[in-house]
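K.L.:
Sending over a structure as structure tokens; questions will come in a sec.
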Amino acid sequence: MISISVFCGSSEGNDKGIIDTAYNLGATLAINNITLVYGASRIGIMGKVAQGAIDKKGKTIGVIPNFLRTKEIVNNELTELIVTQNMHDRKVVMYEKSDGFMIIPGGFGTMDEFFEITTWGQLGLHTKPIGILNINGYYDSLITQCKMMVERGFLKQANLEAVVIDHSIEGLLDKMNNYVPLPAPKWLNKEGL
């Protein structure tokens, strides 16, 4: 992979293991010449990932909607900053700039990004890998809920398995690099939806 969008929190949270792993993720991406695409903030978990990449001289692309430029405190050390009109455009730009997506701890915004990009994959709109870095069991409950969706017939097992999960950075990157996408849904025409 050449670039990965990392979806994560604009807050730092209170788990030192998550904070340290976020920084190490950014550093690992830079060391492996993988461009970090993220929400452009210099605070929170977002800021930790970016700082790890910046400290290791990695390429960083920040994408932020104009109305959040002051609230999320834009990182001025980025390789490239892209300002969008709104949140949806932010996700579209992050999608276009990325070869894969990684979800690390965050709140509602992170969940929104995860579910939207995963739904796009389920619908056959993209075949890029989506990975959950399950730091300190942060996403155990989400994974359990997704299994419940399968058990109750609201989600296909294949679509759940299309999301790769690991607790280590290296393990998740390996799974994402070896990702085999689902076949396109038969009901899609050549142009998509």
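K.L.:
Mind listing just one residue for me: the one in segment 76-88 that is within 25 Å of M176 (Cα to Cα) and modelled with pLDDT of 95 or more and, of those, surrounded by the most Cβ atoms within 10 Å (Cβ to Cβ)?
P.N.:
Within segment 76-88, the first condition is being within 25 Å of M176 (Cα to Cα), and the residues that meet it are 78-80, 88.
Okay, now just the ones that are also modelled with pLDDT of 95 or more, so 78-80.
Details: L78: 20, T79: 14, E80: 13.
Restricting to residues being within 25 Å of M176 (Cα to Cα) and modelled with pLDDT of 95 or more, the top hit is L78.
K.L.:
Answer yes if at least one residue in segment 58-77 is in a helix (DSSP H, G or I) and charged (D, E, K, R), and no otherwise.
P.N.:
For segment 58-77, residues in a helix (DSSP H, G or I) and charged (D, E, K, R): absent.
K.L.:
Restricting to segment 114-130, give me the number of residues that are exposed (fewer than 14 other Cβ atoms within 10 Å of the Cβ) and of a type in the set (A, V, I, L, M).
P.N.:
Selection size over segment 114-130: 0.
K.L.:
Still on this structure: Quick one: in segment 156-177, which of the residues that are part of a loop (DSSP other than H, G, I, E, B) and at pLDDT below 95 is farthest from G100 (Cα to Cα)? Talk me through it step by step, then tell me what you get.
P.N.:
Here is the first cut: in segment 156-177, the ones part of a loop (DSSP other than H, G, I, E, B) are 156, 162, 167-168.
Now narrow it down to the ones that are at pLDDT below 95: 156, 162.
On the way: K156: 21, A162: 12 Å.
Step by step, filter segment 156-177, then rank; the result is K156.
K.L.:
Another question about this same structure. Please count how many residues of segment 92-111 are closer than 26 Å to H167 by Cβ and among the basic types (K, R).
P.N.:
If we filter segment 92-111 for residues that are closer than 26 Å to H167 by Cβ, which is where we start, we get 94-95, 98-111.
Applying the additional criterion that residues be among the basic types (K, R) yields none.
The qualifying residues number 0.
K.L.:
Listed residues I4, I61, I73; which is in contact with a strand residue (DSSP E or B) (Cβ under 9 Å, 6 or more places away or on another chain) and at pLDDT below 95?
P.N.:
Values: I4 fails: at pLDDT below 95; I61 fails: at pLDDT below 95.
Answer to the check: I73.
K.L.:
Let me ask another. I'd like to check something: does segment 123-134 contain any residue that is in a helix (DSSP H, G or I) and under 16 Å from the mean Cα position of the chain (by Cα)? Full working, then the answer.
P.N.:
Going residue by residue through segment 123-134, those that are in a helix (DSSP H, G or I) are none.
No, there is no match, as no residue in segment 123-134 is in a helix (DSSP H, G or I) and under 16 Å from the mean Cα position of the chain (by Cα).
K.L.:
If I31 meets every condition in (1) among the β-branched types (V, I, T); (2) closer than 14 Å to S98 by Cβ; (3) over 16 Å from the mean Cα position of the chain (by Cα) apart from one, which number is that one?
P.N.:
(2)
K.L.:
May I pose another question? Just a yes or no: is a residue in segment 8-27 closer than 21 Å to Y139 by Cβ, of a type in the set (G, A, S), part of a loop (DSSP other than H, G, I, E, B) and more than 14 Å from the chain's Cα centre (by Cα)?
P.N.:
Here is the first cut: in segment 8-27, the ones closer than 21 Å to Y139 by Cβ are 8-26.
With the extra rule that they be of a type in the set (G, A, S), the set shrinks to 9-11, 13, 17, 22, 26.
If we keep only those that are part of a loop (DSSP other than H, G, I, E, B) too, we end up with 9-11, 13.
If we keep only those that are more than 14 Å from the chain's Cα centre (by Cα) too, we end up with 11, 13.
Yes: one or more hits.
K.L.:
Right, another one. Only one residue in M94, M111 is surrounded by fewer than 19 Cβ atoms within 10 Å (Cβ to Cβ), outside any loop (DSSP other than H, G, I, E, B) and in contact with a strand residue (DSSP E or B) (Cβ under 9 Å, 6 or more places away or on another chain), so which one is that? Don't jump to the end; show me each part of the working.
P.N.:
Working: M94 fails: surrounded by fewer than 19 Cβ atoms within 10 Å (Cβ to Cβ).
Of M94, M111, the one residue that is surrounded by fewer than 19 Cβ atoms within 10 Å (Cβ to Cβ), outside any loop (DSSP other than H, G, I, E, B) and in contact with a strand residue (DSSP E or B) (Cβ under 9 Å, 6 or more places away or on another chain) is M111.
The values are calculated or read from the model by the stated rules, or taken from the named source; none is laboratory data. Source: prediction; values computed, not measured. All Cβ positions, even for glycine, are placed from backbone atoms using ideal geometry, and neighbour counts span all protein chains on display.
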